[in-house]
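Everything below concerns the one structure shown next.
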Amino acid sequence: MENINNEKDRESTTKRLLDAVGEIIIKDGFDKVGVNAIASKAGVSKVLIYRYFGSVDNMIVEYLSQNDFWINFTVDFPKDENLKGFIKKMFRDRIHQLRNNKLEQELYRWELTSHNSVIEKLRLKREAKGITLITIVSQLSKHPQEEVAAIATLLSAAISYLVLLSDNCSMYNGVDLQSDKGWEQLACGIDLLVDKWYN
């Protein structure tokens with residue numbers, strides 16, 4: 001019984017620590033995430049940060065990994081004619097998720113202006129998942145992996161850039177980046193590109 005309680009305590013404390021990381025990032029930015037701030041926000045001893053995660057960097061990586069679209073994307077692709085629709089939905093889901101996830105937007109801004117071990121670990125995780133997804137799509141679609149990688153990179157980068165730009169720029173080539181209608185227009189454009197490529 002004691003082990004069960006200890007495990008529950010550890011799970012509860014781990015969640016409080018990870019939640020504290022998220023709250024600090026969203027409120028104050030990545031530069032304010034430190035061992036003292038996290039421990040204070042979570043209401044626990046900072047010793048537990050090192051016991052459960054090894055380092056503050058590892059804890060930030062764990063938190064961000066749990067909230068990263070691509071790292072958490074399922075690799076359960078359909079193996080039939082539904083693949084094209086699945087790919088379209090994947091990019092539509094990406095648009096929706098990034099537009100509504102301020103934390104991930106902050107992460108991308110941080111990545112564009114910094115280089116450190118946390119960012120490097122996240123990029124390696126994201127890259128590994130990206131290669132897996134590209135390999136699967138290549139095999140299922142019978143298109144070369146290099147071609148799939150190029151198209152996936154251009155589409156995902158365009159989505160990220162335009163979401164970040166929308167904070168300070170309302171229109172881009174006549175598309176309203178601050179409205180659902182504008183983003184539906186972009187999603188339809190992605191659908192068209194996927195159709196052209198796939199066929």
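The values are calculated or read from the model by the stated rules, or taken from the named source; none is laboratory data. Just so we're clear, the structure is a prediction, and the values are computed from it rather than from any experiment. With ideal geometry, Cβ positions are generated from the backbone for all residues, glycine too; neighbour counts draw on all protein chains shown. In case anyone asks, the SASA skips ligands and DNA or RNA and just uses the protein heavy atoms, side chains included. Shrake-Rupley method; radii C 1.70, N 1.55, O 1.52, S 1.80 Å.
Before moving on, here are some points about what is shown:
- Distances between placed amide hydrogens fall under 5 Å for Gln178 paired with no residue 5 or more residues away or on another chain.
- The charge dipole of the range 1-83, taken about its Cα centre with unit charges on the Cβ atoms of Lys, Arg (+1), Asp and Glu (-1) only, comes to about 480 debye.
- Between the beta carbons of Gln66 and Asp31, assuming R0 = 30 Å, the FRET efficiency works out to 0.90 to the nearest 0.05.
- A protection proxy built from the mean count of other Cβ atoms within 10 Å ranks the segments 35-41, 163-169, most packed first, as 35-41, 163-169.
- Accessible surface, 1.4 Å probe, highest first, among residues Arg99, Arg16: Arg16, Arg99
- Residues Val75 and Ser55, FRET efficiency given R0 of 41 Å [Cβ-Cβ distance, rounded to 0.05]: 0.90
- Across the chain, Cα pairs under 8 Å and at least six residues apart give a relative contact order of 19 percent.
- Between the range 130-156 and the range 19-60, the Cα center-to-center distance that results, in Å: 36 Å
- The structure-derived value of semi-axes √(5λ) of the Cα gyration tensor in Å appears in the list [x] 27, 23, 14; [y] 36, 21, 14; [z] 36, 18, 15 under the label [y].
- The residues of the range 1-146 have, on average, 57 Å² of accessible surface per residue, using a 1.4 Å probe with all protein chains present.
- Taking a straight Cα-Cα cut-off under 24 Å and skipping sequence neighbours fewer than 8 places away in the same chain, the lysines within cross-link reach of Lys142 are Lys79, Lys84, Lys88, Lys89, Lys129, Lys196.
- For the range 32-109: relative contact order, % (alpha-carbon pairs under 8 angstrom, 6 or more apart): 16 percent
- Carbon and sulfur %, accessible surface of the chain computed with the full protein complex present, 1.4 Å: 53 percent
- The chain - charge dipole about Cα centre, Lys and Arg +1 at Cβ, Asp and Glu -1, debye rounded to 20: 160 debye
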